[in-house]
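To keep things clear, I will list the structure first and then write my remarks on it.
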Amino acid sequence: MRTWRLSDADWNSWPGGLSDAQTMDQAAGLGLVGLELGVYDAAVELAPDRLASLATGPVPVTAVLLTLPADDWPDGALAGDVERLHGQVKACAQVCRDLGLPVLGVWPGADEVGADVLHGLQRCVATAGEVRIALEYKPDTAVETAEQALELCDEVEGLGVLLDTGHAFAAGEDPAEVVELLGDRLLHVHLGDAAPGGADDDLPCGRLHDFAPVLAALDRSGYTGTASFDLYGAVTAGGLTSLAALSESVEHLRSRR
């Protein structure tokens, strides 16, 4: 039985310059249940006037992802400017509480392979309180694989994992097996396709891999959150609009139900 739902992510529409209203209308038109917000600075992407405007849209905000790229965090985030990170996590977690969202995703892209992120993660989890942190792993960052993410979960009580299927494929993992490996530590999901080594591919689902095993694994797991499409790389590369990338992904997944 399917207990989870499909949603869009606002960053899929950034390359095409779509407004929030257009992005939400597009998600609703595709039958998606909500919109995940990508956050670089909580004061900007989670500004009160923007949230008020989003609240009147046809689909709700269903997830928040705090994105920590190297350009914005040149000295690292989890392994660098932890005090600044504390402020961002605190602001994002409060918005999650206000919206009734139990999970805050965190992607530590600024932290390089080998960086010690343990203290930073402990601080994030403590700061977020009852809002659980879902750590998004990705090849060529401090947390490259599902196993590394799980090791950190063993050391940081309450920490969970954000599975991006594209990152898993890029790391040589089988995301269906990862779902089973993570168990109840799976807190959020991003959906996209990728070739081995192609962590930034963000291809439409089904372009390279059949997603039927992933869907079945999620169904068996009892996961009850949302799974957001992350197709930014494919749209940024050109040749695909966000609508085209989303439509291809939705069609593939629905054909495998």
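Each residue in region 70-96 was checked for being of a type in the set (D, E), part of a helix (DSSP H, G or I) and under 21 Å from the mean Cα position of the chain (by Cα), and 0 of them qualify.
Output the residue which, of all residues in region 147-168 that are among the acidic types (D, E) and free of Cβ contacts under 8 Å to residues at least 40 places away in the same chain, is nearest to Y137 (Cα to Cα). Give the steps one after another, and end with the answer.
Within region 147-168, the subset among the acidic types (D, E) is 147, 151, 154-155, 157, 164.
Narrowing further to those that are free of Cβ contacts under 8 Å to residues at least 40 places away in the same chain: 147, 151, 154-155, 157.
Numbers: E147: 10, E151: 12, D154: 15, E155: 16, E157: 18 Å.
Selected residue: E147.
Beta carbons closer than 7 Å, at least 6 apart along the sequence or on distinct chains, pair a first residue in region 87-102 that is within 9 Å of A128 (Cβ to Cβ) with a second that is assigned to a helix (DSSP H, G or I) for V89/C124; V89/T127; V89/A128; K90/T127; C92/A42; A93/T127; A93/A128. The residue of region 97-114 that is nearest to the chain's Cα centre (by Cα), among those that are under 17 Å from E36 (Cα atoms) and either β-branched (V, I, T) or assigned to a helix (DSSP H, G or I) (or both), is V106. Among residues of region 151-166 being under 20 Å from V103 (Cα atoms) and under 17 Å from the mean Cα position of the chain (by Cα), the one that is surrounded by the most Cβ atoms within 10 Å (Cβ to Cβ) is L163.
If you check L99, L54, L68, L85 for being within 18 Å of Y137 (Cβ to Cβ) and in contact with a strand residue (DSSP E or B) (Cβ under 7 Å, 6 or more places away or on another chain), only one passes: L68. Reported count of residues in region 46-64, each being outside any loop (DSSP other than H, G, I, E, B) and more than 17 Å from V103 (Cα to Cα), is 7.
Could you grab me the full set of residues in region 1-45 that are part of a helix (DSSP H, G or I) and either more than 27 Å from V214 (Cβ to Cβ) or modelled with pLDDT under 95 (or both)? Give the derivation first.
Taking region 1-45 as the starting set, the residues that turn out to be part of a helix (DSSP H, G or I) are 10-13, 20-29, 42-45.
Listed by number, the residues that qualify are D20, A21, Q22, D25, A42, A43, V44, E45.
Taking residues in region 203-216 that are on the phi < 0 side of the Ramachandran plot and basic (K, R), and partners anywhere that are at pLDDT 95 or above and crowded, with 17+ Cβ neighbours inside 10 Å, the pairs with Cβ atoms closer than 7 Å and at least 6 places apart or on different chains are R207/D193. Within region 123-141, residues that are free of Cβ contacts under 8 Å to residues at least 40 places away in the same chain and part of a strand (DSSP E or B) have Cβ atoms under 9 Å from residues that are surrounded by 24 or more Cβ atoms within 10 Å (Cβ to Cβ) and of a type outside the set (A, V, I, L, M, F, W, C) in these pairs: L135/G105; L135/P108, counting only partners at least 6 apart in sequence or on another chain.
If only residues of region 115-135 that are among the charged types (D, E, K, R) and over 14 Å from A77 (Cα atoms) are counted, the one that is farthest from the chain's Cα centre (by Cα) is E130.
Would you be able to say whether some residue in region 204-211 is of a type outside the set (S, T, Y) and closer than 18 Å to W107 by Cα? Within region 204-211, not a single residue is of a type outside the set (S, T, Y) and closer than 18 Å to W107 by Cα.
Determine whether region 141-163 contains at least one residue that is modelled with pLDDT of 95 or more, of a type in the set (S, T, N, Q) and touching a His at 6+ places or on another chain (Cβ under 6 Å). Steps first, answer last, please.
The initial filter retains those residues of region 141-163 that are modelled with pLDDT of 95 or more, namely 141-163.
With of a type in the set (S, T, N, Q) added as a condition, the list becomes 141, 145, 148.
Then drop every residue that is not touching a His at 6+ places or on another chain (Cβ under 6 Å), which leaves none.
No, there is no match, as no residue in region 141-163 is modelled with pLDDT of 95 or more, of a type in the set (S, T, N, Q) and touching a His at 6+ places or on another chain (Cβ under 6 Å).
Quick one: would you say A217 is at pLDDT 95 or above, touching a Phe, Trp or Tyr at 6+ places or on another chain (Cβ under 8 Å) and crowded, with 16+ Cβ neighbours inside 10 Å? When the stated conditions are applied, A217 does not pass them. If we keep just the residues of region 1-51 that are over 25 Å from A93 (Cβ atoms) and free of Cβ contacts under 8 Å to residues at least 24 places away in the same chain, which is surrounded by the fewest Cβ atoms within 10 Å (Cβ to Cβ)? If we take residues in region 1-51 being over 25 Å from A93 (Cβ atoms) and free of Cβ contacts under 8 Å to residues at least 24 places away in the same chain, then G17 is surrounded by the fewest Cβ atoms within 10 Å (Cβ to Cβ).
When the residues of region 52-71 are filtered to those that are polar (S, T, N, Q) and in contact (Cβ under 8 Å) with a residue 12 or more places away in the chain, which remaining residue is nearest to Y232 (Cα to Cα)? Show your work before the answer.
Looking only at region 52-71, we keep the residues that are polar (S, T, N, Q), and these are 53, 56, 62, 67.
Next, from what is left, pick out any that are in contact (Cβ under 8 Å) with a residue 12 or more places away in the chain: 53, 62, 67.
Numbers: S53: 23, T62: 18, T67: 13 Å.
In this case the residue turns out to be T67.
The values are calculated or read from the model by the stated rules, or taken from the named source; none is laboratory data. From a predicted model like this one, the values you see are computed outputs, not experimental measurements. All Cβ positions, glycine included, derive from the backbone under ideal geometry; neighbour counts span all protein chains shown.
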